[in-house]
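Some notes on the structure that comes next.
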Amino acid sequence: MSARKITIEPVTRIEGHGRVTIHLNEEGQVEETFFHVDEFRGLEKFCEGRPYFEMPQITQRICGICPVSHHLAASKACDAVARLEPPRPAKLLRELIHMGQLVQSHGMHFFHLAAPDLLLGFDADPAVRNVFGIIRANPELALKAVSLRRFGQQVIERLGGKRVHPNFAVAGGVNGPLSDKDRTEIAAELKAMTGIAGEAIAIAKNWLESNQSIAEAFASFPSSYMGLVDSEGGLQLYDGEIRVKDAAGNFVAQFRPEHYLAHVAEHVEPWSFLKFPYYRKLGFPEGTYRVGPLGRLNVIDRIGTPMAQAEFLQYRQINGGRPIEGSLYYHYARMIEALYCLERIDELLGDPEIMSRDLRSVPSEVKVPGQGVGVIEAPRGTLFHDYSTDEDGLLTRVNLIVATGNNNWAMHTASGLVARAFVDGNKLSEGMLNRVEAAIRCYDPCLSCSTHAIGQMPLVVTLVGADGSVLDRISR
Amino acid sequence: MAKIKIATDWLAGCAGCHMSFLDIDERIVQLLDAVEFTSSPVTDLKHPPKEGVDIGILEGAISNTHNVEVAKQMRERARFLIAVGDCATFGGVVAMRNLCGTDAALRRAYLETESVCGGVIPDSQELGKPLEMVTGVDSVVKVDLFIPGCPPRADAFFYALSELLAGRTPVVLPPELFLYD
């Protein structure tokens, strides 16, 4: 039993709520840290009995930050349930809306949530250490950040009718074409947006280079990595095979998404509603892995667009070609991906089939007893949807493994490492605790997705000496 | 003139309402001339200030014991409380859990899913207790204005805040902004 406990609740500037408890010994040193994710919704049960084709709309309500990921993973699972292969133009349009979402999500995380620590400092006044503080400190940069996010959201809106929870993908394809006007207007902004992504990359790189010793040591630990790859081992965010590498960068496995249960299992701890996925053959916790931008760039061989590939080659040199372990490098990797997405939007808009009206395969019969797995690279990592239906197409079984869940053990480990490195229980500072939160922030966790948020207890920590005197007290 | 103080928080929702609020895009700079954001998920202030705020905004349903605590604290400290989105208004998608029951949902998620090995239903004292019934926010606190929609459009947020800033109390939003979806 620990002598004292510090509770950070809620962890802020992440998407959804989590709580960290830091347990101190009698000497005020950190003994143990837990990353708790509270609240539970229960989609895997309450979707049973509903028509499978409702899932692209229902499951995107899991998350308002990357609803398109759930919308598309669900649609891919529905394709498989109904045994439908969407026409190529539909796949191009699905990838286009997905790229829009990655741009907005990565851009928002970088500028709105992470940048306050990098640009204003981990120890800056918490009252201004946020996006509104950035707007005051650097309005020109803040407006660029707003426009990058707006651009991504508009791509979603143009295709799906609204920015959050769009209505676009359906089993077998998509429900509407891209208009000439929209293609022209998206294309017209690409150059400016690419410039903003480049600026973000420069900010991340400069910060990491100027703070190299911190960057290398901060929440750095070995793990396996996971992400989708194309047939040439290149970065894939919409479709592909799942590749796993170990901590040394050795190839562990590559498999089709529909075989995920042979490779991925989940562990449960009583202190969190978020499950802990791991690579099944290695067991728990040895088989835990990291996903998302760092995980993806650690498993791929290349990126298929020129500017992002040039940046990737530089990135890869940071650890001599071996996997990069420092959690803060997520921010750099994230913006390399944003650059890729913008280049990929350019490629997609230039594809002659993007304007086609051949947008949907239609079932030849009404009966759809089936099973289907849909996997996609959500902004935060690999996302699995797995459905079974009876012959009326009513769901009999649903299993979801969400992107942030895959990083659960990593966030728990990262926050624990940073707590040990920075938290001195005898002389607490707000900045120490903010660093613990920053370790979790690297993973851009979407706890809305992963099960979801909690309530509050005030963060007031009082340290009392053996004689009963108050040694220290902080609150926020 | 003193700035209007706003606090926001999310309960059992998807963060989509906060995303939609950010979708006011460049108008956010204009808004910052008149308002000050205190506690919110995108700032590091964890709780509404004790001295209170002018406007409290809650998204998400009441789904566990912690959600009840958050809603009550926001109500105590906000002079005008807005429930945004279908979850805070009606319970939303989360309330679909009422059809199967919380126990069955917990068993499915933590004991029965095909990927789980050796599962257990989480029950640490650090965790909130899931409620048997998921409801809208007004089941536990008085709400002054509901803005439904999944999520409400950015224009609905901007309209409601603009009205409040102008000293008017929006009771119902204009039809084009008052959407259930």
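The values are calculated or read from the model by the stated rules, or taken from the named source; none is laboratory data. What you see is a predicted model, and the numbers here were worked out from it, not measured in a lab. Quick reminder, even Gly has a Cβ in these numbers, built from the backbone with ideal geometry, and neighbours come from all protein chains shown. For accessibility, only protein heavy atoms count, side chains too; no ligands or nucleic acids. Shrake-Rupley method; radii C 1.70, N 1.55, O 1.52, S 1.80 Å.
Fully extending the segment from B:ARG107 to B:LYS3 would add 32.6 nm, taking 0.36 nm per residue of separation and subtracting the current Cα-Cα distance.
Express the carbon and sulfur contribution to the solvent-accessible surface of segment A:153-203 as a percent, rounded to the nearest whole number, probe 1.4 angstrom. Its accessible area is 53 percent carbon and sulfur atoms. Shown here is the pair-distance distribution of the protein assembly as shown: with all Cα-Cα distances grouped in 10 Å bins from zero up to the longest one, the shares run 3, 17, 29, 29, 17, 4, 1, 0 percent.
Per the 1.4 Å probe, what fraction of the accessible area of segment A:210-332, in percent, lies on carbon and sulfur atoms?
With neighbouring chains kept in place, the figure for segment A:210-332 is 50 percent.
Positive end of the dipole of chain A, charges at C-beta (+1 Lys, Arg; -1 Asp, Glu), about the Cα centre: which of A:ASN406, A:LEU235, A:PRO126 has its Cα farthest in that direction? Towards the positive end, the residue furthest out is A:PRO126. Solvent-accessible area per residue in the protein assembly as shown equals 34 Å², computed with a 1.4 angstrom probe and all protein chains kept. Scan around B:LEU81 for amide H atoms under 5 Å from its own, H built in the peptide plane at 1.01 Å from N, and keep only partners 5 or more places away or cross-chain. Amide H neighbours of B:LEU81, under 5 Å, 5+ apart: B:GLY56, B:ASP144, B:LEU145.
Both chains summed, the buried accessible area for A and B stands near 6100 Å², from protein heavy atoms and a 1.4 Å probe. For segment B:138-181 versus segment A:340-397, the inter-centroid distance based on Cα atoms is 35 Å.
From largest to smallest, the equivalent ellipsoid semi-axes obtained for segment B:101-143 from the alpha-carbon gyration tensor read 28, 13, 7 Å.
Just list whichever of A:LYS45/B:LYS129; A:LYS162/B:LYS72; A:LYS144/A:LYS191; A:LYS91/A:LYS144 have alpha carbons separated by over 21 Å in the model shown. Numbers along the way, then the final one.
Working: A:LYS45/B:LYS129 18 Å; A:LYS162/B:LYS72 32 Å; A:LYS144/A:LYS191 13 Å; A:LYS91/A:LYS144 30 Å.
Over 21 Å Cα-Cα: A:LYS162/B:LYS72; A:LYS91/A:LYS144.
With the convex hull constructed from alpha-carbon coordinates only, segment A:291-368 shows a mean projected area of 8.0 nm² over all directions.
Against the longest principal axis of chain B, how steep is helix B:65-77, in degrees 0 to 90 to the nearest 10, with axes from Cα atoms? For helix B:65-77, the angle is close to 20 degrees. Under the criterion of Cα pairs below 8 Å and six or more residues apart, the relative contact order for chain B equals 25 percent.
For Cα pairs less than 8 Å apart in space and 6+ apart in sequence, what is the mean separation divided by the residue count of chain A, i.e. the relative contact order in percent? Relative contact order of chain A: 26 percent.
The orientation-averaged projection of the convex hull spanning the C-alpha atoms of segment B:42-121 amounts to 7.3 square nanometres. Using the Stokes-Einstein relation with a Kirkwood hydrodynamic radius computed over Cα pairs, the translational diffusion coefficient of segment A:241-363 at 4 °C and a viscosity of 1.567 mPa s comes to 76 µm²/s.
In straight-distance terms, cross-link reach from A:LYS245 covers every one of the lysines whose alpha-carbon lies under 17 Å from its own, apart from those fewer than eight places away in the same chain; here that gives A:LYS281. Secondary structure note: in the protein assembly as shown, about 70% of the DSSP beta bridges are antiparallel.
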